[in-house]
Protein chains: 2
Amino acid sequence: MKFCSNCAARLAKRVPPGDSLPRYVCDACGEIHYQNPKLVVGAVPVWDGRLLLCRRAIEPRYGYWTLPAGFMENDETAAQAALRETLEEAGARIELEAPYSLISVPHVNQVHLFYRARLLDLEFKPGEESLEVVLFEEARVPWKEIAFRTVGLTLKHWFADRKSGSYGFHAEDIPLR
Amino acid sequence: MKFCSNCAARLAKRVPPGDSLPRYVCDACGEIHYQNPKLVVGAVPVWDGRLLLCRRAIEPRYGYWTLPAGFMENDETAAQAALRETLEEAGARIELEAPYSLISVPHVNQVHLFYRARLLDLEFKPGEESLEVVLFEEARVPWKEIAFRTVGLTLKHWFADRKSGSYGFHAEDIPLR
């Protein structure tokens, strides 16, 4: 059961005229409540060849390692979201380089976007959503304890690109099965 | 006045514990109703050096020209959204190349993403949201009648990149004033 956020009437799910998909439609006020994917934006902060990862202090994936990232907010740009999330989760100040990976994750209705970034100092410390924040060299990355596939894919691209000497932009999907 | 979509109670806007921004919070069921930017995904379809544009049959910007694009839907990938919107608005079948531009538009809480694309045939025709669909060579692009700044920026990048012989990836912002 869903209710209209404008007028509190009960919503019905049906295909509006001229549309092709069922939507939550309000018969009382006429509003169509579309539901769209959310952007999760983060960074790949680098210091002297090592990458900064955060160990999650929240669900999902409590205790697993992730790049700093989170839901983009209204009134900010994607770049601002990457800076804000890195500061909130890792207490880390970064300078963004280019967007690096863009990965659609339709099974959770998200699109993940990571920027390459340069860590500006070593004064980082875990925020409320992190248990610890650590710089990893490639050989020490905890591959079996990475929180999300988008983070694992982004890290793999980064190490492969470093080896090849050229950082591209990586767009891909984790399709619905 | 806003209401909870789960339980129809009135919502209050306040900063939840551990958060830093005011949110619509439901005191009845506890739900926090986050509001996040939406992704608008489209394509730059090319045929023999000419670009496909659609003249809008809907508001906003009725009668102005745009690249085919629209809100990404749940359960699809960004690439699927670009193909779908191009088919819906321009009746055009395309093959996507790489993501080309990613532009944050915080004043409308959107992020626009355009893919470079190859038009597969000339069987296009306007969908319900378009008045006409036309292939433009550079000298004939209706620059003063482009619907959205993100479309104008993307077109300018495309013609500049074509001249330089190399298509990059363009990330930028249209910041809040």
- Residue check for residue A:12: part of a strand (DSSP E or B), within 30 Å of residue A:130 (Cα to Cα) and of a type in the set (A, V, I, L, M): no
- Has the range A:8-30 got at least one residue that is facing chain B (nearest Cβ under 7 Å) and either at pLDDT 90 or above or under 20 Å from residue B:26 (Cα atoms) (or both)? yes
- What number of residues within the range B:158-177 satisfy the criterion of being loosely packed, with under 13 Cβ neighbours inside 10 Å and within 14 Å of chain A (Cβ to nearest Cβ)? 3
- Message: Can you go through A:118, A:140 and tell me which one is modelled with pLDDT of 95 or more and touching an Asp or Glu at 6+ places or on another chain (Cβ under 7 Å)?
- Response: A:118
- Query: In the range B:35-67, which residues are under 12 Å from the mean Cα position of the chain (by Cα) and either closer than 20 Å to residue B:161 by Cα or without any contact (Cβ under 8 Å) to a residue 60 or more places away in the chain (or both)?
  - Reply: B:42, B:43, B:44, B:66, B:67
- Message: Checking the structure you have, find out if any residue of the range B:55-69 is in contact with a strand residue (DSSP E or B) (Cβ under 8 Å, 6 or more places away or on another chain), under 30 Å from residue A:1 (Cβ atoms) and of a type in the set (A, V, I, L, M, F, W, C).
- Response: no
- Just checking, how many residues over the range B:31-52 are more than 10 Å from chain A (Cβ to nearest Cβ) and not aromatic (Phe, Trp, Tyr)? 12
- Query: Among (1) under 19 Å from residue B:47 (Cβ atoms); (2) loosely packed, with under 14 Cβ neighbours inside 10 Å, which single condition is residue B:96 missing?
  - Reply: (2)
- Message: For the range B:46-55, check the following and say yes or no: at least one residue is of a type in the set (D, E, K, R), closer than 26 Å to residue B:111 by Cβ and modelled with pLDDT under 95.
- Response: no
- Query: Picking from B:135, B:122, B:131, B:155, which residue would you name as being under 30 Å from residue A:170 (Cβ atoms) and either in contact with a Leu (Cβ under 6 Å, 6 or more places away or on another chain) or more than 14 Å from chain A (Cβ to nearest Cβ) (or both)?
  - Reply: B:155
- Restricting attention to the range B:66-100, which residues are touching a His at 6+ places or on another chain (Cβ under 9 Å), within 13 Å of chain A (Cβ to nearest Cβ) and either closer than 23 Å to residue B:143 by Cα or among the aliphatic types (A, V, I, L, M) (or both)? B:100
- Looking at residue A:117, is it over 14 Å from the mean Cα position of the chain (by Cα), surrounded by 16 or more Cβ atoms within 10 Å (Cβ to Cβ) and within 14 Å of another protein chain (Cβ to nearest Cβ)? yes
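The values are calculated or read from the model by the stated rules, or taken from the named source; none is laboratory data. Treat the numbers as computed from the prediction; the structure is a model and nothing was measured. Note that each Cβ is placed from the backbone with ideal geometry, even for glycine, and that neighbours are counted across all protein chains shown.
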